[in-house]
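**Student:** Structure incoming, see below.
Readers should treat all values here as calculations from the given coordinates under stated rules, not as data from a laboratory. The shown structure was predicted, so the numbers you read here are calculated from the model rather than taken from an experiment. Please note: Cβ atoms are built from the backbone with ideal geometry, for glycine as well, and neighbour counts cover all protein chains shown.
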Amino acid sequence: MARHHGALSKAPVGAPSMYGTILVTLDTTTSDRAIIEHVKRLAREMRTRRVVLLHVADGWAARFHGAEAISPEISEDTAYLRQVQGEFEAEGFITQVALAFGDPATEIVNWIGREGCDLVAMSTHGHRFLADLFLGTTATRVRHRISVPVLLLRAK
């Protein structure tokens, strides 16, 4: 039987997915596009059952009022999540949206602890070492506190 080197093999139809649920964290900026498009391709290849889109609102109203917050930020974040959800659903993915409130790293870790997932996909902004050292990054803080695989994709 001939083998074609370099070709990607696909899982047999009906085979369980390596990443049954992918959590995609979004910050509602243009940097999200890279991770959204990457996850669409990955989820298709991996036969992912469910994609969850999570955004953590961290503005003043969100941090102090949590789920009770009413602000233009929350309305815009919700509309954005629904729009991206529509993109995934149009491609046939079962998609859930989640909006959390407060510190992004803490809320992402809390969500994973409560809900579980098989892969976390995040965009990074590509800060330099000193900025990361002094400011910390959400991606760095998350990946050190969870045990599931993390896909980090540098935003363009």
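**Student:** Taking H as built 1.01 Å from N, whose amide H comes closer than 5 Å to the amide H of residue 121, not counting residues under 5 places away?
**Tutor:** Correct list: 23, 24, 25, 151.
**Student:** Find out how many positive minus negative residues lie around residue 51, taking Lys and Arg as positive, Asp and Glu as negative, among other residues whose Cβ is under 15 Å from that of residue 51.
**Tutor:** Working: positive: 40, 41, 44, 47, 49, 50, 82; negative: 32, 37, 45, 87, 89, 91, 115, 118.
Spelling it out: positives minus negatives among the neighbours equals -1.
**Student:** Would you please give the residues with an amide H less than 5 Å from that of residue 56, counting only those at least 5 places away or on a separate chain, with H modeled from the backbone geometry?
**Tutor:** Excluding prolines and chain starts, which carry no amide H, the hits are 26, 100.
**Student:** Residue by residue, what Karplus-based ³J(HN,Hα) values in Hz, rounded to whole numbers, does the range 41-53 have, using 6.51, -1.76 and 1.60 with θ = phi - 60° and x for Gly and Pro?
**Tutor:** 5, 4, 4, 5, 5, 8, 6, 5, 7, 9, 10, 10, 9
**Student:** Next question, about the same structure. Which net charge results for the neighbourhood of residue 146, defined as the other residues with beta-carbon distances under 13 angstrom from its beta-carbon, given Lys and Arg at +1 and Asp and Glu at -1?
**Tutor:** Result for the local shell: +1.
**Student:** Using Cβ counts within 10 Å as a stand-in for footprinting exposure, how do 55, 144 rank, fewest first?
**Tutor:** Numbers: 55 24, 144 10.
With the sparsest Cβ surroundings first, the list reads 144, 55.
**Student:** Just order 79-91, 103-115, 17-29 by mean Cβ neighbour count inside 10 Å, highest at the front, would you?
**Tutor:** Numbers: 79-91: 14.5, 103-115: 16.9, 17-29: 19.6.
The most tightly packed comes first, giving 17-29, 103-115, 79-91.
**Student:** How much net charge surrounds residue 76 when only other residues with a Cβ under 13 Å from its Cβ are counted (Lys, Arg +1; Asp, Glu -1)?
**Tutor:** On the way: positive: 82; negative: 27, 73, 77.
Result for the neighbourhood of residue 76: -2.
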